[in-house]
1. Can you list residues whose amide H is under 5 Å from Phe31's amide H, if they're 5+ apart or on another chain and H is modeled 1.01 Å from N?
2. Please report, as a whole percent, how much of the solvent-accessible surface of the chain comes from carbon and sulfur atoms (probe radius 1.4 Å).
3. Rounded, prolate or oblate for the range 22-103? Axes are the square roots of the Cα gyration tensor eigenvalues, ordered a ≥ b ≥ c, and the cut-off for rounded is a/c under 1.5.
4. Report, in deg cm²/dmol and to the nearest 500, the calculated mean residue ellipticity at 222 nm for the chain, where each DSSP H run with n ≥ 4 adds -39500 (n - 2.57) and the sum is divided by the residue count.
5. Between Asp117 and Asn28, what length comes free when the chain is fully extended (0.36 nm per residue of separation minus the Cα-Cα distance, one decimal in nm)?
6. Length gain on complete extension for the stretch Ser72 to Leu107, per 0.36 nm per residue less the alpha carbon to alpha carbon distance?
7. Roughly how many debye, to the nearest 20, is the charge dipole of the chain about its Cα centre, given +1 on each Lys and Arg Cβ, -1 on each Asp and Glu Cβ, and no other charges?
8. Using the heavy atoms of the protein chains and a 1.4 angstrom probe, tell me the accessible area per residue for the chain in square angstrom.
Amino acid sequence: MEVRAVFLVGFMASGKSSVGQELARRLNWEFVDLDARIEWREGQTIPEIFRDKGEPGFRLAETSALGELTESLEHDTVVALGGGTFAQSKNRELLRHWPSLFLDTPLEELWRRSLEDATKRPLGKDHTEFARLYEYRLPFYREATLTIVTSGKDPASICTEIERRLQLWGRTEGAGSFQPPARLGTGESQ
Ligand code: S3P
C-alpha cells in the first residue's frame, strides 16, 4: 500500500505542532515536526542555526530536510511544517503531489500566542516585521489543498473538522472514505 501523508501549513504559532500531534494520534499515523527534524539533522537548535548561518543557511537546511523527508516516508504521517516552509517555491514544488492543510489564524491571535514562547522563534520578535511577513506569506499559504479556519477553536475541534474535510475531499477525489491519496495528481487549491 502506498504511504499517505498530510502536511500542515501556517504562520508561526498557528498550532501546526499541537494540531499535528492530535491528528496523528487520532488517525494512528506518525507525527513529524519539520523544525525538530532540522535540529536533529544539523545538530543545532533553530536559534543557533539562525545565529551561525543566518536565515539563508536555515532555508537551505529546511529544504534539504523536507526533500529527504518526502523521499523517505515509510509510514502514514502527519507533518507539521515551519512557518516559512510553504512560502518557498522549492518547498511547494517538493510538496505538490501531497495534500497540504493551511491552518488559518488571525494575525493578532498569532502575535499573542507567539509572545508566549518568543525565545524559540528568531523571526517572531517584532510586531511590524511579524505583520509584514504574515501579509507576504498569506497568498502562498492559500495555495494549500485545504484551508481550515482555526480562530477560537481548540486542537480537538480543529482535528474533527480536518477529518471531515479530508473525508469529503477524499470522496470528491474519488478516493473513498478518508483515504487521502499519498500522491495527489491535480494539486487543486481551495
Ligand atoms: C519560521 C518559523 C519557525 C521555524 C523558524 C522559521 C518562519 O517554525 O521554522 O523559526 O520563518 O516563520 P514555527 O512556525 O513552528 O514557529
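The values are calculated or read from the model by the stated rules, or taken from the named source; none is laboratory data. Predicted model, so just to flag it, every value in this text is computed and none were measured. As a convention, Cβ positions derive from the backbone with ideal geometry for all residues, glycine included, and neighbour counts pool all protein chains shown. Protein only, heavy atoms only, side chains kept; ligands, DNA and RNA dropped before computing areas. Shrake-Rupley method; radii C 1.70, N 1.55, O 1.52, S 1.80 Å.
1. Correct list: Val78.
2. Heavy-atom surface of the chain belonging to carbon and sulfur, 1.4 Å probe: 50 percent.
3. Cα axes put the range 22-103 in the prolate bin.
4. -16000 deg cm²/dmol
5. Full extension of this stretch gives 29.2 nm more.
6. Extending this stretch completely gives an extra 9.2 nm.
7. On the way: 25 positive and 30 negative charges, 57 e Å.
The dipole of the chain has a size of about 280 debye.
8. I get 49 Å² per residue for this part.
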